[in-house]
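Everything on this sheet refers to the single structure shown next.
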Amino acid sequence: MSTPESIDLPELLSARGSVRLPGSKSISNRVLLLAALAEGGTEIRDLLESDDTARMREALGALGVAMTPLGGNAWRLTGAGGAFPVKRAELFLGNAGTAFRSLTAALALCGGDYRLSGVPRMHERPIGDLVDALRQLGADIEYTADAGYPPLHIRPAAIRPGGTVRIRGDVSSQFLTGLLMALPLTGVETAIEVVGELISRPYVEITLAMMERFGVRVERHGWQRFVVPAGCVYRSPGVVYVEGDASSASYFLALGAIGGGPLRVEGVGQDSVQGDVRFADALAQMGARIALGPNWIEASGPENGGLRGIELDCNAIPDAAMTLATAALFAEGPTTLKNIASWRVKETDRIAAMAAELRKLGAVVEEGGDWLRVTPPAALVSPHQGIDTYDDHRIAMCFSLAARGVPVRINEPGCVAKTFPDYFARFAEVTQAVPVIAIDGPSASGKGTIAAKVAAALGWHYLDSGAIYRLTALAAQRAGVAWDDEAGVARIAAGLDAEFGENSIRLSGEEVGDAIRHEAISIGASHVAALPAVRRALLFRQRLFRRAPGLVADGRDMASVVFPDARTKVFLTASVEVRAQRRYKQLIEKGIAASITPLLLDLRERDLRDSQRSVAPLQQSEEAHLLDTTDLSIAQTVAQVLAWSGTAG
């Protein structure tokens, strides 16, 4: 299924409501593997349905594990009772780090011939520390490309369990997780010694809790030594419920803190086994009001004033800490996130990526090997090129929060399918966007006059979309860019500095209402309007006019294309004869010679062309109020639009 190249998020006025979280990715993939290795059948409920869990299910199926969907995010797995029945397989695991690392460990101890690969980014994520640990047990693992990185070829080997295995803990906790979950397959007591500081400890706690749920209790001596006892066997607990994803909860909790709230997440709470629930504590340090229950967390904005910047060791919340970086845009003073070295070996180099995208929004960002400092700007800016996501689901979701300050375009938003496929739909359900009144209609229907007066009456912003292409043509001409230079004109369109008032059209602060009516500019407007890249750039540029407290926009496709979620949609019309008379009066008042007959003919031809255009043809939106202004005055029309919008009086 195709996904959009980008999604445009309008500026948000507030956020409140409740969200039921999808299942935890960390728990889902651990439970899938443990159920596959266990004796007996396991029913898994509330399993996360996402790219990462799909890759794990596909791999387990290829290894001979029987799986049956039960509907409603529930699955039944019949465990293999130890080693997988299929002894030769090629597995593609995408960019699912948990699946890749844990399966590498389990398969290395299963006595089969397996090849594991993923997307290019997966092949850049280190796995050498886990391979080194498995080789201490006698595993035969070959790097088929670059040493220390996937893809891998695992061959049958004489495993020598027991004793002590040493593994680094300062790169990724997934290495320790994979080793812990695989060692019960040997049946022999084996100790693990962690070399260096163990990062992301809460994820190891999840691993230990899930292993115990399946009957294997690991002895833990601090965070440096773990002992897997002899004779332990995974046994199905029967039914396992997957908690909501605490990392995904962070976006909505931060949204409640910066958007006023209250905003409640359901499916995870104070009794959670996931360390990322401590993200709520970090928000509280920033001044947010937090309430918790056994299975829910709720966030609201500060009682008085705004959020404040903090300095925080993020070892306990490595994934959720990313959300603090964007929440910091709305805090007073800098926010410093420390102990985040693991960000550099995730789906992308998250420290570098977050820094680059935060700077686009105007923030001052400093970075080091394992830290990031964000100083918010006086006012956020909306980058014309949009926020790049690096095929990283968490970056896409983090930067949705920027919409609390400015409209923002998120590029390649489909990457959220890795953990939260319907994230942006759920985001829209709990946010209140800047309202829009969209007024469409044929040429000379009076939509420009009415829209400008409605905007003036409300004190809202005004967009004259009909002038946008003329302004683009004029700006290109002044910059010496040919109208057929698609890339050049698109760059100008993306950064177009345009302002509209009731009786004013300004380009870069200069009044140009008359200049854009020249015949040469009309011709130029027709040229640039035919360029797809220009149309894409101007679509977002028009959406940037949607700023608080509200926007009134007029055009031909405002309600259907540019602002399909407009609160009020109006389609103005009038008889062609009346429209010709109005256009004639306008021209005469400006001292331009005119004749009714050619104007009438021109309007009829234009109506036909507009209705038959292949791109955004003129048509009344299904939700639009139809208003025939043939016998109405301007004042009467304005009053009716205000009444429909619920803002009259």
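The values are calculated or read from the model by the stated rules, or taken from the named source; none is laboratory data. What you see is a predicted model, and the numbers here were worked out from it, not measured in a lab. Note that we place each Cβ from the backbone using ideal geometry, even for glycine, and neighbour counts take in every protein chain shown. We work out accessible area using only protein heavy atoms, side chains counted, and drop any ligands, DNA or RNA first. Shrake-Rupley method; radii C 1.70, N 1.55, O 1.52, S 1.80 Å.
Looking only at segment 56-84, which residues have a backbone nitrogen under 18 Å from a spot 7 Å from the Cα of A425 in the C-beta direction?
In segment 56-84, the label zone of A425 (backbone N under 18 Å from the point 7 Å along Cα→Cβ) covers 71-74.
At N503 and E577, where each label point lies 7 Å from the Cα along Cα→Cβ, what is the point-to-point distance in nanometres?
Computed distance between label sites N503 and E577 equals 3.2 nm.
Reachable lysines from K360, Cα under 29 Å, same-chain residues fewer than 8 places away excluded?
K338, K346, K418
When the accessible area of the chain is split by element with a 1.4 Å probe, what percent falls to carbon and sulfur?
Values: 12210 of 25000 Å².
Within the chain, the accessible surface is 49 percent carbon and sulfur.
Rounding to the nearest 10 and keeping the result within 0 to 90°, find how far the Cα-based axis of helix 246-259 lies from the longest principal axis of the chain.
30
Rounded to two decimals, what is the ratio between the C-alpha radius of gyration of segment 5-57 and 2.2 N^0.38 Å? Kindly include the intermediate steps, with their values, before the conclusion.
Details: Rg = 16.7 Å, N = 53, 2.2 N^0.38 = 9.9 Å.
Compared with the compact-globule rule of thumb, segment 5-57 sits at 1.68.
Report the calculated FRET efficiency for I634 and L292 (r = Cβ-Cβ distance, R0 = 35 Å), to the nearest 0.05.
Working: r = 56 Å, r/R0 = 1.59.
About 0.05, to the nearest 0.05.
Specify the angular offset, from 0 to 90 degrees and rounded to the nearest 10, of the alpha carbon long axis of helix 97-108 from the longest principal axis of the alpha carbons in the chain.
On a 0 to 90 degree scale, this one is about 20.
Of all DSSP beta bridges located in the chain, what percent are antiparallel, nearest 5? Before the final figure, lay out the partial values.
Working: 53 of 95 bridges.
Given both bridge residues lie in the chain, the antiparallel proportion sits at roughly 55 percent.
Run the helix sum for the chain: -39,500 (n - 2.57) per DSSP H stretch of 4+ residues, divided by residue count, reported at 222 nm to the nearest 500 deg cm²/dmol.
Details: 20 runs with 224 residues, N = 649.
Taken over the chain, the calculation gives -10500 deg cm²/dmol.
Just order 5-18, 626-639, 581-594 by mean Cβ neighbour count inside 10 Å, highest at the front, would you? Provide the component values of the computation, followed by the final result.
Working: 5-18: 19.1, 626-639: 14.9, 581-594: 12.4.
Output ranking for 5-18, 626-639, 581-594: 5-18, 626-639, 581-594.
Using +1 on the beta carbon of Lys and Arg, -1 on that of Asp and Glu, and nothing else charged, what's the dipole of the chain about the Cα centre, debye to 20? Numbers along the way, then the final one.
Values: 66 positive and 74 negative charges, 57 e Å.
It comes to approximately 280 debye.
Counting residues in segment 499-609 as N, plug N into 2.2 N^0.38 Å and put the Cα Rg over that result. All intermediate terms of the calculation are to be shown ahead of the outcome.
On the way: Rg = 16.2 Å, N = 111, 2.2 N^0.38 = 13.2 Å.
Relative to the 2.2 N^0.38 Å estimate, segment 499-609 comes out at 1.23.
Using the alpha-carbon centroid of each, what span in Å lies between segment 178-224 and segment 87-117?
After rounding, the separation between the Cα centres reads 19 Å.
Can you give me the relative contact order of the chain as a percent, contacts being Cα pairs under 8 Å and 6 or more apart?
On the way: 1444 pairs, mean separation 83.3, N = 649.
So the answer I get is 13 percent.
When only DSSP loop residues count, what trypsin sites (Lys or Arg not before Pro) in segment 237-307 have their Cβ near at most 16 other Cβ atoms within 10 Å?
Numbers: sites: R264, R278, R289; in loops: none.
For trypsin sites (Lys or Arg not before Pro) across segment 237-307 that sit outside H, G, I, E and B with at most 16 neighbouring Cβ atoms in 10 Å, the list is empty.
7 Å from Cα along Cα→Cβ at both R606 and E519: what's the point-to-point distance in nm?
Distance between the two pseudo-spin positions: 1.7 nm.
For the chain, just the Cα set please: Rg and Dmax, both in angstrom.
29.7, 99
In whole Å, what are the extents of segment 386-489 along the principal axes defined by its C-alpha atoms, from largest to smallest?
Here the Cα extents, ordered largest to smallest, are 49, 39, 24 Å.
Using a probe radius of 1.4 Å on heavy atoms only, what accessible surface per residue do you get for the chain? Whole Å² is fine.
39
Once phi is turned into ³J(HN,Hα) by the Karplus curve 6.51 cos²θ - 1.76 cosθ + 1.60 with θ = phi - 60°, what whole-Hz value does each residue of segment 387-396 show in order, with x for glycine and proline?
8, 7, 10, 6, 6, 10, 4, 6, 5, 4
For the charge dipole of segment 1-91, defined by +1 on Lys and Arg C-beta atoms and -1 on Asp and Glu C-beta atoms about the Cα centroid, which residue among A66, I27, G81 has the Cα displaced farthest towards the positive pole?
G81
So for the pair V86, T164, with labels modelled 7 Å out along Cα→Cβ, what separation do we get in nm?
Label-label distance for V86 and T164, simple model: 3.9 nm.
To the nearest 10 degrees, how steeply does helix 25-37 sit against the main Cα axis of the chain, on a 0 to 90 scale?
40
For a quick protection proxy, order the peptides 363-373, 317-327, 530-540 by their average other-Cβ count within 10 Å, most packed first.
On the way: 363-373: 16.9, 317-327: 27.7, 530-540: 18.5.
So the order, starting with the most tightly packed, is 317-327, 530-540, 363-373.
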